[in-house]
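A.B. asks: Could you have a look at this structure, given as structure tokens, before my questions?
The values are calculated or read from the model by the stated rules, or taken from the named source; none is laboratory data. As the structure is a prediction and not an experimental result, all values here were calculated from the model. Don't worry about glycine lacking a Cβ; one is built from the backbone with ideal geometry, like all the others, and counts go over all protein chains shown. Only protein heavy atoms, including side chains, enter the accessible area calculation; ligands, DNA and RNA are left aside. Shrake-Rupley method; radii C 1.70, N 1.55, O 1.52, S 1.80 Å.
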Amino acid sequence: MSDNTLEIKRVIKAPIERVFKAFTNAEDLKQWHSPMGLSTAMATSDLRVGGNYSIAMQNQKDETFTALGEYKEIDEPNKLVFSWNWKEGMKMPVDSTVTVRFTKINDDSTEIILTHEFAMPEPVEGHKKGWEGVLTKLEEYLG
């Protein structure tokens, strides 16, 4: 793995179909998709290759940070690939891709391997902390 890539593995105690849906359904995303200390103010999802998504995350000062992108590959419920960009004003390179692989462990558990690839190494550490918090919230939401 390069310095421009982060990878996080997590086992979620939920069926694979439910975990995939939580990653792709706007109503589900609103419940959990933000790092610790932030809330999810809004989420949209047009789940099709070429479809767009957006997730607005809000801090305690009511500042909003919106991630948006396009679905590149959908292999339900096994794999999801999407671009990851920040709305104008955020200091982040635009070349960023997230791949989420879902593996059924048993009827009630799913392993997630989330890989986020950047054009340069600078954003990796900050996003690692963010994704760790996001996945912790997903565990709590589906638990």
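A.B. asks: Go through segment 92-143 and report how many residues are surrounded by fewer than 19 Cβ atoms within 10 Å (Cβ to Cβ) and of a type in the set (Val, Ile, Thr).
C.D. replies: Residues flagged as surrounded by fewer than 19 Cβ atoms within 10 Å (Cβ to Cβ) and of a type in the set (Val, Ile, Thr) within segment 92-143 amount to 9.
A.B. asks: Just one of (1) closer than 20 Å to Val19 by Cβ; (2) open to solvent by 40 Å² or more (accessible area, probe 1.4 Å); (3) within 15 Å of the chain's Cα centre (by Cα) trips up Phe65, so point out which.
C.D. replies: Every condition holds for Phe65 apart from (1).
A.B. asks: Can you pull out the residues in segment 35-89 that are charged (D, E, K, R) and in contact with a Gly (Cβ under 8 Å, 6 or more places away or on another chain)?
C.D. replies: Hit for segment 35-89 is Glu70, nothing else.
A.B. asks: Can you run down the residue pairs with Cβ atoms below 8 Å, 6 or more apart or on separate chains, where the first is in segment 94-110 and within 19 Å of Glu73 (Cβ to Cβ) and the partner is in a strand (DSSP E or B) and open to solvent by 100 Å² or more (accessible area, probe 1.4 Å)?
C.D. replies: Thr97/Lys72; Thr110/Lys104
A.B. asks: State all residues of segment 36-54 that are of a type outside the set (Gly, Ala, Ser), open to solvent by less than 30 Å² (accessible area, probe 1.4 Å) and either touching a helix residue (DSSP H, G or I) at 6+ places or on another chain (Cβ under 6 Å) or more than 21 Å from Lys128 (Cα to Cα) (or both); if no residue qualifies, say none.
C.D. replies: Of everything in segment 36-54, just one residue is of a type outside the set (Gly, Ala, Ser), open to solvent by less than 30 Å² (accessible area, probe 1.4 Å) and either touching a helix residue (DSSP H, G or I) at 6+ places or on another chain (Cβ under 6 Å) or more than 21 Å from Lys128 (Cα to Cα) (or both), namely Thr40.
A.B. asks: In segment 1-57, how many residues are charged (D, E, K, R), part of a loop (DSSP other than H, G, I, E, B) and more than 22 Å from Lys72 (Cα to Cα)?
C.D. replies: Let us first name the residues in segment 1-57 that are charged (D, E, K, R), namely 3, 7, 9-10, 13, 17-18, 21, 27-28, 30, 46, 48.
Okay, now just the ones that are also part of a loop (DSSP other than H, G, I, E, B), so 3, 13, 46, 48.
Subsequent filtering for residues that are more than 22 Å from Lys72 (Cα to Cα) retains 3, 13.
So the answer is 2.
A.B. asks: Need pairs with beta-carbon distance below 9 Å; first residue touching a residue at least 24 places away in the same chain (Cβ under 8 Å) and within segment 39-57, second among the charged types (D, E, K, R) and in a strand (DSSP E or B); sequence gap 6+ or separate chains.
C.D. replies: Here the result reads Val49/Glu70; Val49/Lys72; Val49/Glu73; Tyr53/Glu70, each pair linking segment 39-57 to a residue that is among the charged types (D, E, K, R) and in a strand (DSSP E or B).
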